[in-house]
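Encoded as structure tokens, the structure appears first; notes follow it.
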Amino acid sequence: MGTKAIKGFRDILPDNVSRWQQVDRTAREVFEGFGYRAILLPYMEFTKLFSRGIGQDTDIVEKEMYSLTDSKGRSMSLRPEGTASVVRAYIQNAMHAKDSLARLYYTGPMFRHERPQKGRFRQFYQVGVEAFGSPDPWLDLEVLSCLWLFFEKLGVPGLELEINSIGDAACRPAYRQALVAFLSERRDELCSECVRRIGTNPMRVLDCKVEGCRKAIRDAPVMLDHLCDACREHFEIVRGGLDSTGIPYSLNPRIVRGLDYYTRTAFEVTTKGLGAQNAVAGGGRYDDLVKLLGGPDTPAVGFAVGVDRVVALMEGEGIEPPERARAYIAVLGEAALGAAARLQRKLIASGFSVVLGDPGKGLRAQLKRADKTGASVCIILGEDELARGVAVLRDMASGEQLETEVDTVADKLRGLLPEGT
Ligand code: HAM
């Protein structure tokens, strides 16, 4: 006790961190490329924000939040997702007044008290975007295009984009009634959780993984068949846009999402490579949320990607991020240390990664270390070289050596380590 991480919380060790950084870097590049601007959000919010935003009857709010009460008796929770916080920040900072369209993105840890299993953690990471200000399908398309390019740039294969429309306040109530009627007739075939959901959140029954429930709801009515004209037209334009931009997708009328704020377009990206926890991203439109949380009536759409799962896929596929070219300076004797440290600074400033050797050790020992640090080139600098203003560059793979003036080491390295700059 006390010396182990909490269940579902974990260390990401240096060997794996470069993949995480690659996901973050790609997200930043792609999201900023689409005109999204970063927002840094608090990790903790008043619990009320999530219960109102995500929905009182969702699994997240009912049983998955890490909440505490402060000394004034106020309930606060670690954020289980980013959307509610972005909306709060959007309202609190009157962003609508500055620009009728706001494009924001975030990265960072989220916290849900779920049962940990492969691909499911209690602290996990998301990168996500939220776009505010237009109810029109072009913004759905932009967000989907951004999501797809992100995955393409990362090079993760085998992903499937599934989309659905879950209607709006105009058409959902009638559908809900039809669904409740259907489910009530099959109450005996449903698991106890789903029986409870009939009265609280019937659409979630469509998402149940229990075999008996899946059988019972095989012919359940789906929202797609009950869309009003405005929602149907909106969805057709989104689909037409996906078709013409060449983003592959399939229609899945069973997507309902686990959070209550969605309207119209809802989507998920799944993979077959991860077992039960197969969703790597999810999102959709949420036109009523800003108003629900006390802001001006502002339509919005966004997504979040589960970074832990994307990294697991990258590992499985053997996707290694490009490493910074590494060099090592073997320092032969204390007298060469000053010059070696100066050279190291210069090379690092030029974009290389350079580790300094221990001048107390001999050349053989330092070459061994150089190998261990993953260096492809070892720069050998001793008193003799120093006196002549040169350094020796040793190719670690072939053992070939060449001598060059200290001032030209960076240029020579660039030739030997083309990826380093
Ligand atoms: P979500 O579907 O709850 O949506 O989460 C998005 C992604 O986060 C999931 O597809 C999954 O990859 C990852 N994820 C969720 N829970 C865990 C967990 N316990 N362990 C590991 N990964 C997990 C949202 O959070 C919405 N805020 C998305 C959104 C943004 N909708 C509109 N804008």
What shape does region 265-357 take by its C-alpha gyration tensor, where a ≥ b ≥ c are the square roots of the eigenvalues and a/c under 1.5 counts as rounded, a/b above b/c as prolate, and the rest as oblate? oblate
Under the Karplus curve 6.51 cos²θ - 1.76 cosθ + 1.60, θ = phi - 60°, whole-Hz ³J(HN,Hα) for region 52-69, x wherever Gly or Pro sits: 6, x, 7, x, 4, 9, 8, 4, 4, 6, 5, 9, 10, 8, 8, 10, 9, 10
Which of Gln344, Ala131, Tyr90 sits closest to the plus end of the dipole of the chain, meaning its Cα is farthest towards the positive end, when Lys and Arg get +1 and Asp and Glu get -1 on the C-beta? Tyr90
For Ser145, Ser244, Ser67, give the ranking by accessible area with the largest first, probe 1.4 Å. Ser244, Ser67, Ser145
How big is the dipole moment of region 6-161 about its Cα centre under a simple scheme where the beta carbon of each Lys and Arg is +1, that of each Asp and Glu is -1, and everything else is neutral? Debye, nearest 20, please. 640
Charge-dipole axis of the chain as Lys and Arg at +1 and Asp and Glu at -1 on Cβ define it, positive-most pick from Ile198, Gly167, Val30: Ile198
Return one number: the angle in degrees, 0 to 90 and rounded to the nearest 10, between the long axis of the Cα atoms of helix 83-92 and the longest principal axis of the Cα atoms of the chain. 90
Report, in degrees rounded to the nearest 10, the 0 to 90 angle that the Cα long axis of helix 137-154 makes with the longest principal axis of the chain. 30
Calculated from DSSP helices alone, with each H run of at least 4 adding -39500 (n - 2.57) and the total divided by the residues of the chain, [θ]222 nm to the nearest 500 comes to -11500 deg cm²/dmol
In a Gaussian network model over the chain where Cα atoms closer than 10 Å are linked, find which of Gln401, Gln177, Gln21 has the largest mean-square fluctuation. Gln401
Mind ranking His234, His226 by accessible surface for me, highest first, 1.4 Å probe? His226, His234
Return the subset of Lys63/Lys153; Lys4/Lys272; Lys48/Lys98; Lys72/Lys118; Lys346/Lys368 for which the Cα-Cα distance in this structure is over 29 Å, preserving the input order. Lys63/Lys153; Lys4/Lys272; Lys72/Lys118
Kindly identify region 326-415 as rounded, prolate or oblate by the Cα gyration tensor criterion: order the square roots of the eigenvalues as a ≥ b ≥ c, call it rounded if a/c is under 1.5, otherwise compare a/b with b/c, prolate if a/b is larger, else oblate. rounded
Relative to 2.2 N^0.38 Å, what does the C-alpha radius of gyration of region 169-271 come to as a ratio? Two decimals please. 1.15
Share, in percent, of DSSP beta bridges within region 326-415 that are antiparallel, nearest 5: 45
Beta bridges per DSSP with both ends in the chain, % antiparallel, nearest 5: 80
About its Cα centre, what dipole magnitude does the chain give when the only charges are +1 on Lys and Arg Cβ and -1 on Asp and Glu Cβ, stated in debye to the nearest 20? 1320
With all protein chains present, how much of the accessible area of the chain (probe radius 1.4 Å) comes from carbon and sulfur, to the nearest whole percent? 50
By accessible area of protein heavy atoms, probe 1.4 Å, what ranking do Glu268, Glu400 get, highest first? Glu400, Glu268
Among Tyr261, Ser376, Gly73, the residue whose Cα sits farthest towards the positive end of the charge dipole of the chain, when +1 is placed on the Cβ of each Lys and Arg and -1 on the Cβ of each Asp and Glu, is Gly73
Using all alpha carbons of the chain, what is the percent of pairwise distances in each 10 Å bin, ordered from the shortest bin to the longest? 4, 18, 24, 20, 13, 10, 7, 3, 1, 0
Taking the Cα centre of region 287-392 as origin, sum charge times position over the Cβ atoms of Lys and Arg (+1) and Asp and Glu (-1), and report the length of that vector in debye to the nearest 20. 660
Kindly report the accessible area of the chain per residue (heavy atoms of protein chains, probe 1.4 Å, no ligands, DNA or RNA), in Å². 49
Label region 318-378 by shape, choosing from rounded, prolate and oblate, from the square roots a ≥ b ≥ c of the eigenvalues of the Cα gyration tensor; if a/c is under 1.5 it is rounded, and otherwise prolate applies when a/b is larger than b/c, oblate when it is not. oblate
Kindly give the semi-axes, whole Å and largest first, of the ellipsoid equivalent to region 72-157, taking each as the square root of 5 times a Cα gyration tensor eigenvalue. 26, 23, 9
Principal-axis tilt of helix 307-316 within the chain, Cα atoms, nearest 10 degrees: 60
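The values are calculated or read from the model by the stated rules, or taken from the named source; none is laboratory data. Please read all numbers here as calculations on a predicted model, not as lab measurements. All Cβ positions, glycine included, derive from the backbone under ideal geometry; neighbour counts span all protein chains shown. Keep in mind that these areas ignore ligands, DNA and RNA; they rest on the heavy atoms of the full protein, side chains included. Shrake-Rupley method; radii C 1.70, N 1.55, O 1.52, S 1.80 Å.
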